[in-house]
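Single-structure report; data block below.
No value in this document is a laboratory result; all are computed from the given coordinates. Quick caveat: nothing in here was measured; it's all calculated off a predicted structure.
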Amino acid sequence: MNTRIETERFTLREFIQTDENGLFELDSNPAVHKYLGNKPVKKLEEVQEYILNLKNQYAENGIGRWAVIEKVSGDFVGWSGIKLITEPMNNHNNFYEIGYRLIEKYWGKGIATETTVALIDYAFENLKTEKVYAICNVENEGSKNVLLKSGFKIIEKFEHCEIEHFWFELHKDKWNNRIEAEKNE
Ligand SMILES: CC(C)(COP(=O)(O)OP(=O)(O)OC[C@H]1O[C@@H](n2cnc3c(N)ncnc32)[C@H](O)[C@@H]1OP(=O)(O)O)[C@@H](O)C(=O)NCCC(=O)NCCS
């Protein structure tokens, strides 16, 4: 299918093997992994394997984590995407989860919010789902703020990988109301 999603400043596209160096810069940084279990990658092979895994997800589900490319520079900034979660999590199964991860030098520029809003739109327009979900470590203030700013609501806390996480949801009707309200502003 080769999905492409355009935002004002970025293109989200499927990962290709040549993204491996950018992905290694991202995932070998301990600061990036602070709220992700503190296991940054050590070898290029690990990210190569991750890209192969993503390609399987694109083929099976048409979606997955997509590379975020800055339009003006063509630079790899990180990833943002929608994953179909098929293992049970917090009593949910087979749901769409929105996530993102950016190279440290790109933090604090509104990038995660810009791509998340585009992904929510994509999910409701193209995946015919009524709800999208997200999770983050309760201490991850940055991620929490991205999700709240994008329209998600915290529903509850739950334990994931022995760490307390927030469970976020966003209903399609709430999203459509927000879009309508913005149009009328
Ligand atoms: C979390 C992360 C994606 C945030 O991306 P970002 O592009 O810097 O976020 P944005 O610029 O869109 O910020 C959205 C809001 O959150 C706030 N925010 C961002 N980082 C923050 C932080 N570390 N602490 C507190 N607030 C923060 C911003 O100020 C902004 O609010 P404002 O518009 O009122 O100023 C980025 O820091 C990252 O990739 N971290 C490592 C990986 C990770 O934790 N991924 C999420 C896993 S759940």
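Roughly speaking, what is the centre-to-centre gap between the range 1-51 and the range 54-87 when only Cα atoms are used, to the nearest Å?
Between the Cα centre of the range 1-51 and that of the range 54-87, the gap is 9 Å.
When DSSP beta bridges are limited to those with both residues in the chain, what percentage is antiparallel, rounded to the nearest 5?
If I count the DSSP bridges inside the chain, around 95 percent turn out antiparallel.
Rule-of-thumb check for the range 142-185: C-alpha Rg over 2.2 N^0.38 Å?
Compactness ratio reported: 1.43.
Can you show me the helix-derived [θ] at 222 nm for the chain, built from DSSP H runs with n ≥ 4 at -39,500 (n - 2.57) apiece and divided by the number of residues, rounded to the nearest 500.
That comes out to -11000 deg cm²/dmol.
Rounded to two decimals, what ratio of Rg to Rh does the chain give with C-alpha atoms and a Kirkwood Rh?
That ratio equals 0.94.
Which pairs break 32 Å Cα to Cα here: 153/183; 43/153; 43/128; 105/128; 39/157?
Those over the limit are 43/153; 43/128; 105/128.
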